Amino acid sequence: MNSPVKVAVTGAAGQIGYSLLFRIASGALLGPDTPVELRLLEITPALKALEGVVMELDDCAFPTLAKVEIGDDATKVFDGVNHALLVGARPRGPGMERGDLLEANGGIFAPQGKALNDVAADDIRVTVTGNPANTNALIAMSNAPDIPTERFSALTRLDHNRAISQLAAKLGVPVTEIRRMTIWGNHSATQYPDLFHAEVSGQNAAEAVGDQEWLANTFIPTVAKRGAAIIEARGASSAASAASATIDHARTWVEGTAEGDWVSMAVRSDGSYGVPEGLVSSFPVTVKDGRWEIVQGLEIDEFSRGKIDASVAELDEERKAVTELGLLG
Ligand code: NAI
């Protein structure tokens with residue numbers, strides 16, 4: 001057995017937390033040979049509920065779960081952590097404008113970025129799931145000047161997985177036949193799931209579909225609005241699938257991408273594909289030895305260009321709003 005890896009989860013008493021913690025504790029993130037120490041952050045009123053979740057974790061007797069610590073003080077909970085999965089966020093309440101939402105989340109992600117900066121382990125990797133995920137990641141990153149910017153990312157893997165699953169269903173193939181899926185831009189309704197660079201059994205996915213009408217008017221909106229469809233059906237937002245995607249994302253960051261494949265991750269733009277430098281935007285990335293790289297050299301046609309630009313424009317507006325609110329460190 002290796003020594004324990006410390007994994008922090010925020011919003012641990014929430015819906016996603018209830019799926020995520022048990023998967024991590026059972027070895028789904030780091031494998032069967034690496035013990036995990038869970039560090040769980042919640043707001044004070046949710047600590048009692050979190051104690052109940054910890055009782056259930058105890059009751060699973062997971063061989064890979066070395067220790068669980070809980071608390072409401074980020075500086076204590078994040079001390080020495082290797083992974084931070086930032087799930088807890090402020091949902092949009094009735095009558096809340098987008099600016100209010102960004103401000104409320106800035107009040108969470110700026111101090112959490114500072115706390116990570118002060119106390120996390122040198123190899124810290126931060127995954128932001130809590131919405132608005134891209135801009136929350138930007139806020140945390142900019143408040144953590146001593147942590148390399150490439151250690152911050154936001155989750156678009158759920159959108160990526162949804163896109164794979166929709167395409168597989170359309171073509172009647174297993175999901176394992178699909179490679180090189182890409183989500184571009186923001187984790188929001190403006191995101192662009194791209195079939196022009198994806199492959200199905202080695203064939204170009206857009207050609208395999210051969211139906212631009214389906215691609216533009218069914219596939220893209222189905223993926224982009226899947227979250228709303230789940231709320232409509234389930235009466236609650238996606239939680240188990242979001243937890244699963246969070247694990248996929250963090251695990252790929254550790255294990256790397258398969259040869260010849262890539263995944264979607266929202267990471268700090270270096271200006272690739274005309275995405276303004278510094279925005280946290282989703283790209284196709286490969287990962288090797290714990291480091292991601294944006295896939296270069298993909299040809300972007302006019303259709304894709306328009307879709308990417310629209311989503312990136314939204315990210316740019318969000319950045320302007322949080323800059324004006326003084327949330328970027
Ligand atoms: P939830 O409301 O069930 O749980 C959120 C938890 O965060 C609550 O227990 C709350 O007490 C906690 N929290 C709030 N402020 C906190 C703080 N400052 N520190 C620590 N904990 C804090 O929500 P759920 O369903 O678990 O979703 C969490 C977030 O994930 C939401 O923002 C949701 O929109 C987002 N999400 C993102 C997805 C993605 O693909 N990126 C997919 C699905 C959800």
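The values are calculated or read from the model by the stated rules, or taken from the named source; none is laboratory data. Everything numeric in this text was worked out from a predicted model, so none of it was measured. Every residue, glycine as well, gets a Cβ built from its backbone with ideal geometry; the counts of neighbours run over all protein chains shown. The accessibility values were calculated without ligands, DNA or RNA, using every heavy atom of the protein model including side chains. Shrake-Rupley method; radii C 1.70, N 1.55, O 1.52, S 1.80 Å.
With 32 Å as the limit on Cα-Cα distance, the pairs of Lys114/Lys288; Lys6/Lys288; Lys170/Lys307; Lys67/Lys225; Lys67/Lys288 that go past it are Lys67/Lys225. GNM on the chain, alpha-carbon springs under 10 angstrom: the most fluctuating residue among Gly185, Gly235, Gly11 is Gly235. About its Cα centre, segment 1-159 has a charge dipole of approximately 300 debye under the convention of +1 per Lys or Arg Cβ and -1 per Asp or Glu Cβ, with nothing else charged. Phi angles across segment 210-224 convert, under the Karplus curve 6.51 cos²θ - 1.76 cosθ + 1.60 with θ = phi - 60°, into 3J(HN,Hα) values of x, 8, 4, 4, 5, 4, 6, 9, 10, 4, 4, x, 5, 5, 5 Hz, Gly and Pro given as x.
If both residues of a DSSP beta bridge must be in the chain, then about 45% of such bridges are antiparallel. Based on alpha carbons, the Rg and Dmax found for segment 108-261 are 17.0, 52 Å. Across Arg180, Arg234, Arg251, mean-square fluctuation computed from a Gaussian network of the chain (C-alpha pairs under 10 Å connected) peaks at Arg234.
Calculated over segment 89-130, the projected area of the Cα convex hull averaged across directions stands at 3.1 nm².
Build a GNM of the chain with springs between Cα atoms under 10 Å apart, and of Asn117, Asn186, Asn204 the one that fluctuates most is Asn204. Per residue, the solvent-accessible area of segment 131-182 (1.4 Å probe, heavy atoms of protein chains only, all protein chains present) comes to 34 Å².
Annotation: per residue accessible area for segment 199-324 equals 47 Å², rounded to a whole number [probe 1.4 Å, protein chains only]. In this label model, Glu69 and Lys288 are separated by 3.6 nm, measuring between points 7 Å along each Cα→Cβ vector. The orientation-averaged projection of the convex hull spanning the C-alpha atoms of segment 1-125 amounts to 7.8 square nanometres. Proximity of backbone amide H atoms, modeled 1.01 Å from N, is registered between Gly88 and Thr10, Gly11 at under 5 Å, excluding neighbours fewer than 5 places apart on the same chain. For segment 275-290 and segment 126-191, compute the distance between their C-alpha centroids and round to whole Å. Using only Cα atoms, the two centres lie 10 Å from each other. In terms of packing, defined here as the mean over residues of other Cβ atoms within 10 angstrom, the peptides 33-40, 83-90, 134-141, 318-325 line up highest first as 134-141, 83-90, 33-40, 318-325. Of all complete DSSP H helices in the chain, those with a Cα span along the helix axis of 24 Å or greater and a mean Kyte-Doolittle hydropathy of -0.5 or more are 98-119. Projecting the Cα atoms of Gly17, Pro111, Ile220 onto the dipole axis of the chain, where Lys and Arg carry +1 and Asp and Glu carry -1 at the beta carbon, places Gly17 farthest toward the positive end.
Highest average first, the peptides 297-306, 19-28 ordered by how many other beta carbon atoms sit within 10 Å of their residues are 19-28, 297-306. Evaluated with a Cβ-only charge set (Lys, Arg +1; Asp, Glu -1), the chain carries a dipole of roughly 480 debye about its Cα centre, given to the nearest 20.
Label reach from Lys48 (point 7 Å along Cα→C-beta): in segment 71-99, amide nitrogens under 18 Å belong to 71-72.
Per residue, the accessible area of segment 1-116 comes to 46 Å² when a 1.4 Å probe rolls over the protein heavy atoms. Taking amide H as placed 1.01 Å from N in the peptide plane, Met265 has its amide H under 5 Å from the amide H of Phe283, Val285, each at least 5 places away in sequence or on another chain.
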